[in-house]
1. Please go through (1) under 21 Å from LEU299 (Cβ atoms); (2) among the small types (Gly, Ala, Ser); (3) out of contact with any Leu (no Cβ under 8 Å at 6 or more places or on another chain); (4) open to solvent by less than 50 Å² (accessible area, probe 1.4 Å) for GLY354 and return the number of the only condition it doesn't satisfy.
2. Return the residues of region 237-293 that are among the polar types (S, T, N, Q) and touching a helix residue (DSSP H, G or I) at 6+ places or on another chain (Cβ under 7 Å); say none if nothing qualifies.
3. Taking region 43-82 as the region of interest, how many residues are basic (Lys, Arg) and under 26 Å from SER145 (Cα atoms)?
4. Do we find a residue being closer than 23 Å to VAL267 by Cα, outside any strand (DSSP E or B) and in contact with a strand residue (DSSP E or B) (Cβ under 6 Å, 6 or more places away or on another chain) anywhere in region 58-74?
5. Which pairs have Cβ atoms under 8 Å, sit 6 or more apart or on different chains, and link a residue in region 50-64 that is surrounded by 15 or more Cβ atoms within 10 Å (Cβ to Cβ) to one that is of a type in the set (Ser, Thr, Tyr) and assigned to a helix (DSSP H, G or I)?
6. Being surrounded by fewer than 21 Cβ atoms within 10 Å (Cβ to Cβ) and in contact with a strand residue (DSSP E or B) (Cβ under 6 Å, 6 or more places away or on another chain) is the filter; apply it to region 188-200 and report the residue that is modelled with the highest pLDDT.
Amino acid sequence: MSGATVSDYDVVIVGAGQAGAQTAIALRQLRYQGTIALIGDEPELPYERPPLSKAYLAGEKSFERLLIRPAAFWQEKAVDLRPGCRIDAVDPAARRVTAADGTSIGYRRLVWATGGTARRLDCPGAALARVHSMRSRADADRLASELPTARQVVVIGGGYIGLEAAAVLVGAGKEVTLIEAQQHVLARMSGTMLARFLEAEHRARGVTLRLGTAVHGIEGRDGTACGVRLASGELVPADLVIVGVGIVPAVAPLLAAGARGSNGVEVDAVCRTSLPGVYAIGDCATHANAFADGARIRLESVQNANDMAGTVARSIAGVAHPYYAVPWFWSNQYDLRLQTVGLAAGHDLAVLRGAIDARSFSVIYLRNGRVVALDCVNATKDYMQGRKLIESGADVRSDMIADSTVDLSKCFQSEGHPPMRSRI
């Protein structure tokens, strides 16, 4: 392309979030000597996203404390940062990517770590002013700038983002209504025991929950949101609206280039796509997961981003090892520390361990007599020991795991070393 800047690297990483940054870090830790470019479409240094809806929004943590590494680190490690650069096209035959400004960049290996964009509501009023998502620093900063003049806030979506934002905002003295289309919060992630506990905690602090409630649209006045219209016809007043209804994987350039995938891009055991020399990791990668019985899934978590980054770095450095990691997630709401490990989907038994009233307990999910997941509330010891039960794939005694006076590490069905879960 005439006038375009041309450059070439051994490894080009598209996406400068957790997954992309960790890939560059892991490559240098493995003493990889090739040239590396880390390309991000935001103008920031690589930073952690989970605190955006928690400590950063609450003003408890500065942006500098969110940085994955300081600026000097990337220079010292000879990682060429390219912020504010959006990649629009991939040419797998020429092994080049093209940026929105026409810049052409060559690669020997391409790592696609773009995550996703916040899913927007498909309803009238979704594009009004004072309607916010929570995916980037810019999103959080815009929201924070409008909070002082907002009294009534509506949060749409009862996942982690919605619940965390509701906790911060009600703590800041706002009147908060949270609307969730499903019959309980965290419907995609957890069972009803944890959901009902969290719902009670939010209600006790003043959050109004509207569960099993569909949104018809967002009403506006002079181009600015002033309320959320429910499918029932009711209008919930709002000075500000936050939408947290998931993400859309940012994989259009890869799919256009011929990569296999739909809701994300498909990868193999070492995170390679169907395109030569191209890997994909993190939120946008669909992979066969050993802890989902080999089903192809996408995992939106820091754990998955970090572990897939390590898998790709080892593959590029010549020490390939298949991806194998127990999924885990975490959330802070009020004084509650929620730690989830494993995948509860398909469980046939949920066992309560500890006392909900004490606000320190675990819900343990089993399938065919084996622990597949735990939701731990202010119960870090259960989280650590339960993780080992999931990794082992061993049969356990459900009566023993319910007894909080017995260590989970002692709850195997039989004596001896437990069998290890087979890897995909």
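The values are calculated or read from the model by the stated rules, or taken from the named source; none is laboratory data. All values derive from a computational prediction rather than experimental measurement. Heads up, the Cβs are rebuilt from the backbone with ideal geometry, glycines too, and the neighbour counts pull from every protein chain shown. For accessibility, only protein heavy atoms count, side chains too; no ligands or nucleic acids. Shrake-Rupley method; radii C 1.70, N 1.55, O 1.52, S 1.80 Å.
1. Every condition holds for GLY354 apart from (1).
2. Of everything in region 237-293, just one residue is among the polar types (S, T, N, Q) and touching a helix residue (DSSP H, G or I) at 6+ places or on another chain (Cβ under 7 Å), namely THR273.
3. Number of matching residues: 4.
4. So in region 58-74, the residues closer than 23 Å to VAL267 by Cα come out as none.
No, there is no match, as no residue in region 58-74 is closer than 23 Å to VAL267 by Cα, outside any strand (DSSP E or B) and in contact with a strand residue (DSSP E or B) (Cβ under 6 Å, 6 or more places away or on another chain).
5. SER53/TYR160
6. Out of the qualifying residues, it is MET193.
Rundown of residues vs (1) in contact (Cβ under 8 Å) with a residue 60 or more places away in the chain; (2) open to solvent by less than 20 Å² (accessible area, probe 1.4 Å), yes/no style:
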{"residue": "ARG260", "(1), (2)": "no, no"}
{"residue": "VAL265", "(1), (2)": "yes, yes"}
{"residue": "PRO276", "(1), (2)": "yes, no"}
{"residue": "ALA280", "(1), (2)": "yes, yes"}
{"residue": "ASP283", "(1), (2)": "yes, no"}
{"residue": "ARG298", "(1), (2)": "no, no"}
{"residue": "VAL312", "(1), (2)": "yes, yes"}
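Residue-wise test of (1) open to solvent by less than 10 Å² (accessible area, probe 1.4 Å); (2) among the basic types (Lys, Arg); (3) farther than 30 Å from PRO276 by Cα.
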residue: LEU178; (1), (2), (3): yes, no, yes
residue: LEU186; (1), (2), (3): yes, no, yes
residue: HIS202; (1), (2), (3): yes, no, yes
residue: ARG205; (1), (2), (3): no, yes, yes
residue: ASP239; (1), (2), (3): no, no, yes
